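Engineer: Could you have a look at this structure, given as structure tokens, before my questions?
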Amino acid sequence: MTTIKRAILSVSNKNNIIELARALRHFQIELISTGGTYRSLHEANIDVIEVTDVTRFPEMMDGRLKTLHPAIQGGILARRNQDEAILAEHGFTPIDLVIVNLYPFADTVRRPDATFADAIEHIDVGGPTMIRAAAKNCAFVTVLTDPQDYAQLIAQLEAHHGATTEVQRREYAAKAFAHTAAYDAMISEYFTQQVQDHHQPTHDRNQKLTGNSLKNDILFPATWTPAWRRQAILRYGENPHQQAAVYTPALSTRTSLASSIPLQGKALSFNNLADANAALACVREFTEPACVIVKHANPCGVAVADNTLNAYQRAYQTDPLSAFGGIISFNREVDLMTAQTILKQQFVEVLLAPSFTPEALASLASKANLRVLVCNVEAHDVLDLQTIDGGILVQQLDLGLDDGKATEWQVVTRKIPTEEQWRDLRFAWQTVKHVKSNAIVYAKNLTTVGIGAGQMSRSFSVKIAALKAQESRLELHNTILASDAFFPFRDGVDAAVAMGVTAIIQPGGSVKDGEVISAADEAGISMVFTSMRHFKH
């Protein structure tokens with residue numbers, strides 16, 4: 001037990017600080033305070049000592065220098081039964097309790113009008129120093145950084161006659177170090193973003209990192225300390241026996257999938273968000289009204305049409321069986337007719353769109369468990385993160401230019417695609433990048449006809465996609481085919497031709513390209529090489 005006799009209070013977040021200070025004075029604890037916190041306590045008629053009366057040194061540089069003084073730091077760091085003589089020699093007194101939270105750096109830089117100078121002035125120096133000193137000396141000193149812990153502290157003081165236990169002090173110290181670590185991470189992230197924005201290597205959709213160490217270090221710094229805040233505890237992870245949570249970047253101001261709150265429905269699970277993310281990433285590819293239906297992280301139906309209802313109906317017909325219990329995303333507002341058709345036609349776990357009409361929301365409310373999410377369909381993220389054993393893999397998102405105008409796109413067969421085929425080739429190429437590899441997409445009239453995903457053999461993906469189409473009683477004649485990577489052999493092309501494919505789009509680059517092109521020419525179909533692969537694992 002350590003009895004608390006003296007405390008220093010210096011808080012940016014002043015929630016409940018007056019109540020806490022009064023409770024501390026009830027235990028005859030002497031209070032020291034700084035700046036705005038001192039004024040708040042003084043105006044509340046609470047006995048408090050200004051920090052300058054302890055340091056016998058004025059605040060300087062517009063408040064930049066206040067608590068960085070041996071009278072404060074020594075009082076916090078002093079080991080009981082060891083350093084008393086040194087304290088007495090210099091006229092210092094031990095400080096047993098540190099109540100500090102930091103300048104609102106994140107709130108400052110989130111402001112649209114925030115300047116770099118504003119950010120600099122909201123980097124706290126003295127506060128983190130006091131917190132770290134107190135946490136280091138948790139054998140004797142109690143440190144609190146979260147106003148939500150005030151009530152627990154008061155209860156502990158009441159239970160132990162003005163003292164705290166070492167176990168509790170260690171718990172507070174762990175939380176304090178997490179607080180300063182997150183704070184420093186936010187500052188590091190902000191400075192990294194400033195450097196990245198200056199060099200802008202990540203804003204070019206076709207940027208290719210080379211051996212240039214500067215570009216690599218800007219995008220992938222040697223030490224990376226992003227700050228993440230827990231947004232929510234999820235229902236469960238991939239399986240009910242796994243726990244899960246979702247985090248958002250601490251400095252982010254945009255509405256995203258991770259920060260979205262369902263307008264209705266059950267709590268979200270890990271799989272709900274993972275599948276919704278896959279649906280959102282795919283539907284973002286299209287500028288015209290589009291619908292994407294996802295099941296187990298793979299699109300099972302994608303279509304572009306003149307409105308959301310037609311887009312949904314065409315996407316649904318690709319694979320009605322797999323659509324059951326899936327995730328549906330749109331890149332346009334969902335109206336009443338679209339909402340009613342979905343509810344009548346299938347069971348859906350999550351419905352995602354940039355907005356919903358009031359009438360649509362009223363109709364969807366009839367399904368209380370249906371999760372309805374509003375999410376911005378504009379892409380802002382730059383990096384893709386995946387965990388591996390003992391670390392994370394980080395890469396640029398696959399934002400490769402896929403509009404068919406890239407100079408790398410080349411017709412390699414004697415037969416040139418028609419304008420209608422070009423439209424479908426572009427559509428299928430935008431879709432296939434969101435299907436797990438090995439990925440094959442059959443398409444016609446801006447609608448998927450069959451999708452083959454996640455197979456070890458590309459030729460099997462060709463066959464499975466065709467089987468899916470046949471199961472849905474869809475016509476494969478005169479369809480086009482997209483492959484996320486090259487055909488290593490001509491067997492995949494031969495199989496596609498046998499199904500009725502009349503044009504193929506693929507990256508090219510196989511040592512067998514000559515045989516593959518010959519197979520297309522022999523069949524009298526068109527083939528386009530994009531020179532860009534879209535593996536998705």
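Engineer: Bin width 5 Å, alpha-carbon pairs only: give the P(r) of the stretch 473-537 as whole percents, running from 0 to the bin holding the largest distance.
Structural biologist: Answer for the stretch 473-537: a P(r) of 4, 19, 31, 24, 13, 7, 1, 0 percent.
Engineer: Using Cα pairs closer than 8 Å and at least 6 residues apart in sequence, work out the relative contact order for the stretch 96-136, in percent.
Structural biologist: Over the stretch 96-136, the number comes to 51 percent.
Engineer: Same structure, new question: Using only the alpha carbons of the stretch 248-340, what is the convex hull's orientation-averaged projected area in square nanometres? Don't jump to the answer; show the numbers that get you there.
Structural biologist: Working: hull surface 26.2 nm².
Mean shadow area of the hull around the Cα atoms is 6.6 nm².
Engineer: Using the alpha carbon gyration tensor of the stretch 1-124, what are the three equivalent-ellipsoid semi-axes (square root of 5 times each eigenvalue), largest first, in whole Å?
Structural biologist: 28, 18, 13
Engineer: Give or take rounding to whole Å, what are the principal axis extents of the alpha carbon atoms in the stretch 132-195, in descending order?
Structural biologist: Taking max minus min along each principal axis of the Cα atoms, the stretch 132-195 gives 52, 22, 13 Å.
Engineer: Could you sort out which of 14/266; 468/536; 415/468; 14/66; 5/66; 175/367 sit more than 30 Å apart by Cα distance in this structure?
Structural biologist: As for pairs spanning more than 30 Å Cα to Cα, those are 14/266; 175/367.
Engineer: Just to be sure I understand the model, the point goes 7 Å from the Cα along the line to the Cβ. What's the resulting residue 146 to residue 235 distance in nm?
Structural biologist: Calculated label separation equals 2.7 nm.
Engineer: Can you list the HN-Hα couplings for the stretch 185-194, worked out from phi with the Karplus curve (6.51, -1.76, 1.60; θ = phi - 60°), rounded to whole Hz and with x for Gly and Pro?
Structural biologist: With coefficients 6.51, -1.76 and 1.60, one gets 5, 5, 5, 4, 4, 4, 5, 4, 4, 4 Hz.
Engineer: What distance in nm separates the two pseudo spin-label positions at residue 498 and residue 49, each 7 Å out from Cα along the beta-carbon direction?
Structural biologist: It is 9.0 nm.
Engineer: Turning to a different aspect of this structure: Residue by residue through the stretch 452-462, what is 3J(HN,Hα) from phi via Karplus (6.51 cos²θ - 1.76 cosθ + 1.60, θ = phi - 60°)? Round to whole Hz and write x for glycine and proline.
Structural biologist: Using θ = phi - 60°, the values come out as x, 10, x, 9, 6, 10, 5, 5, 6, 4, 4 Hz.
Engineer: Among 276, 368, 248, which residue has its Cα positioned farthest towards the positive end of the charge dipole of the chain, with +1 placed on the Cβ of Lys and Arg, -1 on the Cβ of Asp and Glu, and the dipole taken about the Cα centre?
Structural biologist: 368
Engineer: Between the stretch 243-317 and the stretch 11-71, how far is it from one alpha carbon centroid to the other, in angstrom?
Structural biologist: First find each Cα centre; the distance between them is then 49 Å.
Engineer: Long-range amide H contacts for residue 65: which residues qualify at under 5 Å (H placed 1.01 Å from N, peptide plane, sequence gap of 5 or more or a different chain)?
Structural biologist: Long-range HN contacts for residue 65: 60.
Engineer: Here's a follow-up. Counting Lys and Arg as +1 and Asp and Glu as -1, each charge on the Cβ, what is the dipole of the chain about the Cα centre in debye, to the nearest 20? Mind dumping the intermediate values first?
Structural biologist: Details: 49 positive and 57 negative charges, 176 e Å.
Computed about the Cα centre, the dipole is about 840 debye.
Engineer: Still on this structure, I have one more. How do 418-429, 84-95, 379-390 rank on mean C-beta neighbours within 10 Å, highest first?
Structural biologist: Numbers: 418-429: 20.6, 84-95: 14.2, 379-390: 10.0.
Ranking the peptides 418-429, 84-95, 379-390 by packing returns 418-429, 84-95, 379-390.
Engineer: Toward the positive end of the charge dipole of the chain, about the Cα centre and with charges on Cβ (Lys, Arg +1; Asp, Glu -1), which of 123, 264, 460 goes farthest?
Structural biologist: Highest projection toward the positive end goes to 460.
Engineer: Considering only protein heavy atoms and a 1.4 Å probe, what is the carbon-and-sulfur percentage of the accessible area of the chain?
Structural biologist: Summing carbon and sulfur atoms, their accessible area is 51 percent of the total for the chain.
Engineer: I'd like the distance separating the alpha-carbon centroids of the stretch 114-154 and the stretch 412-474, in whole Å.
Structural biologist: Centre-to-centre (Cα) distance: 56 Å.
Engineer: For the stretch 379-515, state what percent of all Cα-Cα pairs lands in each successive 10 Å bin, counting from 0 Å until the bin that includes the largest distance.
Structural biologist: 12, 41, 32, 13, 2, 0
Engineer: Additional query: Mind grabbing the base-10 log of I(q)/I(0) for the stretch 31-70 at q = 0.15, 0.27, 0.31, 0.33 Å⁻¹? Debye formula, identical points on the C-alpha positions, no solvent, two decimal places.
Structural biologist: -0.33, -0.90, -1.06, -1.13
Engineer: To the nearest 0.05, how large is the calculated FRET efficiency for residue 160 and residue 194 if R₀ is 60 Å and r is the Cβ-Cβ distance?
Structural biologist: 0.80
Engineer: What are the ³J(HN,Hα) values, in whole Hz, obtained from phi via the Karplus relation 6.51 cos²θ - 1.76 cosθ + 1.60 with θ = phi - 60°, for each residue of the stretch 263-277 in sequence order, with x given for Gly and Pro?
Structural biologist: Ordered by residue, 3J(HN,Hα) equals 5, 6, x, 5, 4, 6, 9, 3, 5, 4, 6, 4, 5, 4, 5 Hz.
Engineer: Calculate, in nm to one decimal, what residue 248 and residue 408 gain on full extension: separation in residues at 0.36 nm each, minus their alpha carbon distance.
Structural biologist: Contour length minus Cα-Cα distance gives 53.9 nm.
Engineer: Out of residues 5 or more away from residue 449 or on other chains, whose amide H comes under 5 Å of its own, with H placed 1.01 Å from N in the peptide plane?
Structural biologist: Distant-sequence amide H within range of residue 449: 442, 443, 444.
Engineer: Rounded to the nearest 5, what is the percent of antiparallel bridges among the DSSP beta bridges in the chain?
Structural biologist: Bridges in the chain that DSSP calls antiparallel: roughly 55 percent.
Engineer: Extension gain residue 255-residue 170, at 0.36 nm per residue separation less the Cα-Cα distance, in nm?
Structural biologist: Going from the current span to full extension adds 27.0 nm.
Engineer: Which of the listed residues, 34, 16, 137, is farthest toward the dipole's positive end in the stretch 16-138, when Lys, Arg count +1 and Asp, Glu count -1 at the beta-carbon?
Structural biologist: 137
Engineer: Calculate, for the chain, the solvent-accessible area per residue in square angstrom, rolling a 1.4 angstrom probe over the heavy atoms of the protein chains.
Structural biologist: For the chain, the per-residue accessible area is 49 Å².
Engineer: Let me ask you something else. Mind listing the long-range amide H neighbours of residue 356? Cut-off is under 5 Å, sequence gap 5 or more, other chains count too, H placed in the peptide plane at 1.01 Å from N.
Structural biologist: The list, which skips near neighbours in sequence, is 334.
Engineer: Then there's this: So for each of 509-516, 369-376, 294-301 I average, over its residues, the number of other beta carbons within 10 Å; can you give me the resulting order with the highest mean first? Please report the intermediate quantities before stating the final value.
Structural biologist: Working: 509-516: 15.1, 369-376: 18.9, 294-301: 24.0.
Listed from highest to lowest mean packing, they are 294-301, 369-376, 509-516.
Engineer: Also: Need the full-extension length gain, residue 220 to residue 478, defined as separation in residues times 0.36 nm minus the C-alpha distance. One decimal, nm.
Structural biologist: Values: separation 258, 0.36 × 258 = 92.88 nm, distance 4.52 nm.
Extending this stretch completely gives an extra 88.4 nm.
Engineer: How compact and how long is the stretch 300-399, expressed as Rg and Dmax of its alpha-carbon atoms in Å?
Structural biologist: So, for the stretch 300-399, Rg and Dmax equal 16.0, 49 Å respectively.
The values are calculated or read from the model by the stated rules, or taken from the named source; none is laboratory data. Remember, predicted model here, so these are calculated numbers, not experimental data. Here Cβ is always computed from backbone atoms with ideal geometry, including for glycine, and neighbour counts include all displayed protein chains. When the accessible area is computed, the model is the full protein with side chains, heavy atoms only, and any ligands, DNA or RNA have been set aside. Shrake-Rupley method; radii C 1.70, N 1.55, O 1.52, S 1.80 Å.
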